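*Asks:* The structure's right below; bear with me while I get my questions together.
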Ligand code: ADP
Ligand code: MG
């Protein structure tokens, strides 16, 4: 019988842990603790299941359970974990995440780039209530029997009500069962962009092949097909091919098929072939349950009175519920205190979460016309010159951020423009805010005036 000998150190043990040995569990706990404290919004309960493997060449290799968790870790956690590891170990190390059982079919979006799925967006984390029971049940059924239950499945509802969450939950469920499934999951924007690139570069053949050989096609925010005649034409053929081959198609939009502006009749009728299910705003009880679920996911315990307080205060959009939790958590950490009602109230004071109905469109119009020195009549006219069009877009953006009017209602204030125009404006201004500091400054100035 042979025995394997560990290499024996020639000298007394060094102060530093030797390389290639399993990573010290105590140090790992300290790293987790530090990440939790310094990046409360990032923390997830499943961090407890991360397995630090070893320290090799200055890199701590960490094993992650699923592909979606890997996306999350690689996308958002590398830096925070590396900083924490350096602080704990006291030397220059990095943290690197790996996953052993990656799906080999996978989810694709842009030109064969795997689409990052959000590990939070799974069925287990989705709370059902009267507002979403049907769309949820339909998604579960489709995930169990793609191409059979409802095809196509069309989910619609307002911003932040869980459409993307449900779509990704289906993808993750299917991949969990069939790692080899070829799922195309993408936003309508990417579909449009890829189509335009394919047309320009004469690569339509590859484009068609890629889509038409998918096992499942999932397109988020399909209302962006509005007025895109040529993309609609192409999408029509993609749809038909997949449908005839009994491949599952899932679409989401902010309105039902018939209300997408200038969508070809034949697409409207196809979108109605399967099941069209609407997500409504969550009621009070559902909002409480969502808050509890989100808090649990982040390893946070929220007292009942805090949950009721936030649920009552944040009514319109589920995304804002999560934002509220993060704020409360952040303030609690800063003050080193525990979360109670007083702390929640001060964290979410009116200045933090703007009272949705306090600012009127009129105030926005006043602020914008004054700032850009334009006339109200021009904003409401058809004029498309940049000097008018941009202030008009800023108005729409501010109205979207600070009032509870729907996209259609906001469009109504600006010469009867429809909701896609408003959406486009909101996106454009949002993009500018990111890459143009002067615009960010202008908008911040007007917002300050508005929120007083
Ligand atoms: P949409 O795509 O409709 O704009 P998202 O799917 O992006 O909305 O949802 C916004 C946020 O709200 C996400 O963090 C999502 O997890 C959460 N959310 C929405 N509905 C629910 C629900 N029923 N249960 C749990 N979380 C939800
Ligand atoms: Mg979405």
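*Asks:* Post the alpha-carbon centroid distance, region 176-212 to region 29-97, in whole angstrom.
*Replies:* Their Cα centres are 33 Å away from one another.
*Asks:* Can you give me the convex hull volume of the Cα atoms of region 110-278, divided per residue and expressed in Å³?
*Replies:* 105
*Asks:* Treat each spin label as a single point 7 Å out from the Cα along the C-beta direction, and report the residue 37 to residue 292 distance in nm.
*Replies:* Roughly 3.1 nm, to one decimal.
*Asks:* Where does each of 157-168, 367-378 land if you order them by average Cβ count within 10 Å, highest first?
*Replies:* So the peptides 157-168, 367-378, ranked by packing, come out 157-168, 367-378.
*Asks:* Find the Rg to Rh ratio for region 21-99, where Rh is the Kirkwood radius over alpha-carbon pairs and Rg uses the same atoms.
*Replies:* So for region 21-99, dividing Rg by the Kirkwood Rh gives 0.91.
*Asks:* Let me ask you something else. What ranking, highest mean first, results for peptides 430-439, 140-149 when packing means the other Cβ atoms within 10 Å averaged over each residue?
*Replies:* 140-149, 430-439
*Asks:* Compute the Rg/Rh shape ratio of region 284-357: radius of gyration over Kirkwood radius, all on alpha-carbon atoms.
*Replies:* Rounded to two decimals, Rg over Rh is 0.92.
*Asks:* Estimate the FRET efficiency between residue 86 and residue 308 by the formula 1/(1 + (r/R0)^6), using the beta-carbon distance for r and 41 Å for R0, to the nearest 0.05.
*Replies:* Calculated transfer efficiency: 0.50.
*Asks:* Output the relative contact order of the chain, whole-number percent, from Cα pairs under 8 angstrom with separation of 6+ residues.
*Replies:* Taking the mean separation of contacting Cα pairs over the length of the chain, I get 13 percent.
*Asks:* Then there's this: Want the number for residue 366 to residue 213: 0.36 nm per residue separation, take away the alpha-carbon distance, what's left?
*Replies:* Extra length from residue 366 to residue 213 when fully extended: 49.8 nm.
*Asks:* Rounded, prolate or oblate: which fits the chain, taking a ≥ b ≥ c as square roots of the Cα gyration tensor eigenvalues, rounded meaning a/c under 1.5, else prolate when a/b beats b/c?
*Replies:* Oblate, because a/c is 1.5 or more while a/b does not exceed b/c.
*Asks:* Let me ask something else about it. Along each of the three principal axes of the Cα atoms of region 306-349, give the extent in whole Å, ordering the values from largest to smallest.
*Replies:* 30, 16, 15 Å, listed from the longest principal axis down.
*Asks:* Still on this structure, please answer the following. At a Förster distance of 25 Å, what's the computed FRET efficiency of residue 241 paired with residue 176, Cβ-Cβ distance as r, to 0.05?
*Replies:* It comes out at approximately 0.40.
*Asks:* Name the shape class, rounded, prolate or oblate, that the alpha-carbon gyration tensor gives for region 361-451, where a ≥ b ≥ c are the square roots of its eigenvalues, rounded holds for a/c under 1.5, and otherwise prolate holds if a/b is larger than b/c and oblate otherwise.
*Replies:* rounded
Where a number appears in this text, it was derived from the coordinates with a stated rule and is not lab data. All values derive from a computational prediction rather than experimental measurement. Positions of Cβ are generated from backbone atoms using ideal geometry, with glycine treated the same way; all protein chains shown enter the neighbour counts.
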